[in-house]
Amino acid sequence: MIQVLNKNNFDEFKTYCLKYRFDHDESYLYDEDLKTFIIGEDNPTYLLYRENEIQGVCSFILDEYHLNGNKSRARIFHCKSNQTEDYKMLLEAVIPFNQKVERLIMFVPSKNVISRGILENLGFYVERYSYVMERTEKEPVAFTFPDGYELTDYVYGKDDDDYLNVRNKAFSTIKGSETPHTKEQVANYMKIDQILSGGVKILRYMGDPVGVIKMESESEGGKDYSFVAPLAILPEHQGKGLGSSLLRAGIQIGYDNGYKDCMLTVNGENENALKLYYKEGFDKTVEVVCYNYKV
């Protein structure tokens, strides 16, 4: 039996998410995410029951950012039975609420072959690969910027447009990040507690913004990291070593905040970024597959 999420079964939904969030992708299942979760059409969510016991959950995100990109991202799509038929029932229940988008997206670790097989049987296809990379047990490296470039502190409410313009132009061709952010989104995510002290910087050339970096805190596998989220350089200023210096600055920010290890994510096809991260001491630790489903 399929039930729509409501206030009566919300605690069961939350308990299930906490138990199984690491099987696929926990990006939107942190304690704070579940604490601020709003039941409604922006978060179409269904629960699968058998003999009055929850067997699976399907919850997708229909916020402004994903709608602008004509997509809906899975918060969680998981059945503990690992049966294709259970997944199919949940998918069929949630699709009508996703008719306003062209595709559903979901991330699964590449090593999770059972879940991958189920998704592919349902018609999900591989769009791209993404890597988690870590730099551990290494000291920060000194950095400098060429003449005319200056690394400045981001000022909330004042530098939002500068940050936004660099971020959107730099990521306009990067799969999964090509949808422009809005000024309202910047204002919201600059308030989160995970941002490190002094963790948002704007690189300027002759006063004009040409690069940004934002450093947050992250916990994974019982370890704490600084997290690069994101690093961006305008295309016309790339190839000058600015990325290395900006990344080193971010690592130093993490170190100054007490984080000796650093983490980031990168698309597999972004070869220039991969070369940079390997050169700066990062190693690939996890490979994740981005699946798409045409609605």
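The values are calculated or read from the model by the stated rules, or taken from the named source; none is laboratory data. The structure presented is a predicted model; accordingly, all values stated were derived computationally and were not measured. Cβ coordinates were reconstructed from backbone atoms using ideal geometry, including for glycine residues, and neighbour counts include every protein chain displayed.
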Quiz prompt | Only listed residue being closer than 22 Å to Asp161 by Cβ, without any contact (Cβ under 8 Å) to a residue 60 or more places away in the chain and buried (at least 18 other Cβ atoms within 10 Å of the Cβ), chosen from Val200, Val210 | solution = Val200
Quiz item: Going by the conditions given, is Val94 touching a Cys at 6+ places or on another chain (Cβ under 6 Å), of a type in the set (A, V, I, L, M, F, W, C) and closer than 18 Å to Lys294 by Cβ?
Solution: yes
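Being of a type in the set (D, E, K, R), more than 26 Å from Asn121 (Cα to Cα) and assigned by TED's automatic domain parsing to the domain that holds Ile118 narrows it down to one of Glu53, Glu26, Glu12, Glu92, so name that one.
Glu12
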Self-check item: Inter-residue pairs, beta-carbon under 6 Å, first within 27 Å of Thr136 (Cβ to Cβ) and in the stretch 227-249, second part of a helix (DSSP H, G or I) and among the basic types (Lys, Arg), 6+ apart
Solution: Ala232/Arg167
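Check whether at least one residue in the stretch 130-137 is of a type in the set (Val, Ile, Thr), under 21 Å from Ser27 (Cβ atoms) and surrounded by 15 or more Cβ atoms within 10 Å (Cβ to Cβ), and report yes or no.
Yes: one or more hits.
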Self-check item: Contacts under 7 angstrom Cβ, first residue in the stretch 13-38 being of a type in the set (Ser, Thr, Tyr) and in a helix (DSSP H, G or I), partner modelled with pLDDT of 90 or more and crowded, with 16+ Cβ neighbours inside 10 Å, 6 or more apart
Solution: Tyr16/Ile54; Tyr16/Val57; Tyr20/His78; Tyr20/Lys80
Self-check item: Residue that is at pLDDT 95 or above and not polar (S, T, N, Q), where the choices are Gly258, Gly268, Gly239
Solution: Gly258
Exercise. Answer yes if at least one residue in the stretch 22-37 is over 14 Å from Asn9 (Cα atoms), touching a strand residue (DSSP E or B) at 6+ places or on another chain (Cβ under 8 Å) and of a type in the set (A, V, I, L, M, F, W, C), and no otherwise.
Key: yes
Exercise. Kindly establish whether Thr285 is in the same structural domain as Val141 (by TED's automatic domain parsing), loosely packed, with under 15 Cβ neighbours inside 10 Å and of a type in the set (Ser, Thr, Tyr).
Key: yes
Self-check item: Tyr189 of a type outside the set (A, V, I, L, M) and touching a helix residue (DSSP H, G or I) at 6+ places or on another chain (Cβ under 8 Å)
Solution: no
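When you scan the stretch 192-207, do you find a residue that is outside any loop (DSSP other than H, G, I, E, B), within 30 Å of Leu122 (Cα to Cα) and either outside the structural domain of Phe60 (by TED's automatic domain parsing) or more than 17 Å from the chain's Cα centre (by Cα) (or both), even just one?
No, there is no match, as no residue in the stretch 192-207 is outside any loop (DSSP other than H, G, I, E, B), within 30 Å of Leu122 (Cα to Cα) and either outside the structural domain of Phe60 (by TED's automatic domain parsing) or more than 17 Å from the chain's Cα centre (by Cα) (or both).
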Practice problem: Output the number of the condition that Lys158 fails; it satisfies all remaining conditions of (1) assigned to a loop (DSSP other than H, G, I, E, B); (2) more than 30 Å from Gly281 (Cα to Cα); (3) in contact (Cβ under 8 Å) with a residue 24 or more places away in the chain. | Solution: (3)
Practice problem: Being surrounded by 14 or more Cβ atoms within 10 Å (Cβ to Cβ) and among the aliphatic types (A, V, I, L, M) is the filter here, so list the residues in the stretch 23-38 that pass it. | Solution: Leu29, Leu34
Quiz item: Looking at the stretch 1-22, which of its residues are crowded, with 17+ Cβ neighbours inside 10 Å and under 23 Å from Val288 (Cα atoms)?
Solution: Tyr16, Cys17, Tyr20, Arg21
Exercise. Would you point out the residue of the stretch 74-103, among those that are at pLDDT 95 or above and assigned to a strand (DSSP E or B), that is farthest from Phe13 (Cα to Cα)?
Key: Ala74
Quiz item: Which of the residues spanning the stretch 124-172 are under 18 Å from Leu196 (Cα atoms), in contact with a Lys or Arg (Cβ under 6 Å, 6 or more places away or on another chain) and among the basic types (Lys, Arg)?
Solution: none
Self-check item: Unmet criterion (only one of (1) touching a residue at least 40 places away in the same chain (Cβ under 8 Å); (2) surrounded by 16 or more Cβ atoms within 10 Å (Cβ to Cβ); (3) not in a loop (DSSP other than H, G, I, E, B)) for Gly176
Solution: (3)
